[in-house]
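Novice: Please see the structure below; I have some questions.
The values are calculated or read from the model by the stated rules, or taken from the named source; none is laboratory data. Quick caveat: nothing in here was measured; it's all calculated off a predicted structure. Heads up, the Cβs are rebuilt from the backbone with ideal geometry, glycines too, and the neighbour counts pull from every protein chain shown.
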């Protein structure tokens with residue numbers, strides 16, 4: 001069944017594994033790297049995963065590794081029916097002129113201070129370039145963010161209410177995601193992009209409104225349910241899951257802190273999440289103490305019987321106050337205009353006899369930080385925790401992890417039974433590894449019930 005876009009939907013793919021990826025070399029603008037056999041096979045798998053989506057345009061970077069990936073995807077989705085591939089200079093990878101072609105290990109040994117800056121303060125990385133007019137200071141990451149902003153301004157007006165495919169690189173894809181969401185260059189290393197991953201952004205009104213990140217770094221179509229650990233660093237990983245569907249989710253009824261149980265579809269989603277995470281080691285598990293996330297967590301832990309489930313009241317859903325039990329039409333009748341404010345300015349809404357977003361933020365982040373701190377205090381070199389909560393709680397956590405405030409609450413989609421992955425580096429800083437994976441529920445696009453109810 002063809003899936004139509006209700007906004008401008010941008011599906012982003014990083015090129016497949018390249019020869020330089022395998023060799024551990026910096027690529028940047030260099031065009032000496034091509035796809036490996038695995039990279040080409042993975043590109044075909046991307047195309048197979050996208051066959052039920054109708055594209056209005058396909059764009060790719062001018063570098064051959066991206067072009068080969070785009071061609072393989074186009075072939076799988078139907079070369080006769082798919083749009084022609086257009087090369088877009090704005091999709092070229094980040095320029096790292098002093099490092100390109102070098103092994104990462106050599107960069108690490110020959111440019112130790114710059115390499116440390118690249119990882120810890122990427123916006124400050126500076127390369128002194130020689131030219132006919134003398135030396136020039138070049139800041140690769142800020143330049144890439146400007147490139148990304150220009151690209152959005154170029155292509156979004158051309159594709160109102162259309163679906164487009166962008167095939168690029170790790171760096172430019174991160175910058176595109178970041179500039180769309182409002183992330184600054186210092187957060188460059190906090191969003192991950194695996195080879196041949198699928199990420200999805202929805203723009204309701206071009207650049208006039210905040211976009212929604214529907215999915216980030218999905219790799220299930222490659223036989224990898226969740227992406228590999230961040231840069232081979234195996235430390236703390238938290239798997240964040242939203243509870244399965246309830247009858248109130250299905251009807252569009254605000255439930256908040258009313259203890260509504262899962263419906264049959266919600267239990268099936270919990271079982272699908274359990275199967276999806278079956279081979280993922282889990283060392284500890286925490287859930288909101290309300291019935292719907294608790295049952296979802298228990299279904300997942302059926303495959304991990306050695307793990308006990310801890311319950312947390314601070315992870316309860318937002319209290320909608322007098323909105324709870326109501327449909328949107330009933331809320332609009334009683335509180336004209338408040339639903340629209342909730343959708344557009346959530347940080348300014350006080351739920352009548354309920355909570356505001358800052359109150360939810362304070363308790364959710366305190367609970368999240370305590371989960372992280374407790375795990376890190378164990379001193380275990382490698383551990384994975386499961387956290388099962390609610391739509392609003394998960395959105396708040398994802399904003400916090402990415403470095404965004406409450407005004408960006410709606411930027412992250414959380415489907416029923418969806419899986420997100422947060423890794424922590426050696427300094428305890430979070431990396432958003434993957435977000436809102438729903439492929440185990442029936443495809444790349446999130447088809448679950450509406451959220452934040």
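Novice: Give all pairs with beta carbons closer than 9 Å in which a residue from region 341-353 that is free of Cβ contacts under 8 Å to residues at least 60 places away in the same chain meets a residue that is part of a loop (DSSP other than H, G, I, E, B) and surrounded by fewer than 18 Cβ atoms within 10 Å (Cβ to Cβ); count only pairs at least 6 apart in sequence or on separate chains.
Specialist: Close Cβ pairs (under 9 Å, with a partner that is part of a loop (DSSP other than H, G, I, E, B) and surrounded by fewer than 18 Cβ atoms within 10 Å (Cβ to Cβ)) amount to 352/335.
Novice: Exactly one condition in (1) more than 21 Å from residue 446 (Cα to Cα); (2) touching a residue at least 40 places away in the same chain (Cβ under 8 Å); (3) surrounded by fewer than 20 Cβ atoms within 10 Å (Cβ to Cβ) is false for residue 56; which is it?
Specialist: The failed condition is (1).
Novice: Would you be able to tell me the number of residues in region 73-93 that are farther than 19 Å from residue 155 by Cα and buried (at least 21 other Cβ atoms within 10 Å of the Cβ)? Outline the logic, then answer.
Specialist: Kept after step one, since they are farther than 19 Å from residue 155 by Cα, are these residues of region 73-93: 73-81.
If we keep only those that are buried (at least 21 other Cβ atoms within 10 Å of the Cβ) as well, we get 73-74, 77.
Total satisfying the criteria: 3.
Novice: Just to confirm my filter: which helices (runs of 4 or more DSSP H) fall fully inside region 41-157 and include at least 3 residues that are under 17 Å from residue 14 (Cβ atoms)?
Specialist: Those helices (runs of 4 or more DSSP H) span 64-78, 140-155.
Novice: Against the definition (in contact with a strand residue (DSSP E or B) (Cβ under 6 Å, 6 or more places away or on another chain) and either outside the structural domain of residue 28 (by TED's automatic domain parsing) or surrounded by 20 or more Cβ atoms within 10 Å (Cβ to Cβ) (or both)), how does residue 135 come out, yes or no?
Specialist: In short, no.
Novice: Restricting to region 188-215, what's the tally of residues that are out of contact with any helix residue (DSSP H, G or I) (no Cβ under 7 Å at 6 or more places or on another chain) and either under 15 Å from residue 10 (Cβ atoms) or free of Cβ contacts under 8 Å to residues at least 40 places away in the same chain (or both)?
Specialist: Total satisfying the criteria: 9.
Novice: With the condition kept exactly as written, say whether any residue in region 6-13 is at pLDDT below 95 and under 21 Å from the mean Cα position of the chain (by Cα).
Specialist: yes
Novice: Further question: So for region 26-39 (the condition being part of a helix (DSSP H, G or I), within 29 Å of residue 206 (Cα to Cα) and out of contact with any helix residue (DSSP H, G or I) (no Cβ under 8 Å at 6 or more places or on another chain)), does at least one residue qualify?
Specialist: no
Novice: Touching a helix residue (DSSP H, G or I) at 6+ places or on another chain (Cβ under 8 Å) and assigned to a loop (DSSP other than H, G, I, E, B), is that true of residue 286?
Specialist: So residue 286 does not fit the description; no.
Novice: Oh, and also: Name the residue that is surrounded by the most Cβ atoms within 10 Å (Cβ to Cβ), counting only residues in region 122-132 that are modelled with pLDDT under 95 and under 20 Å from residue 107 (Cβ atoms).
Specialist: The residue in question is 129.
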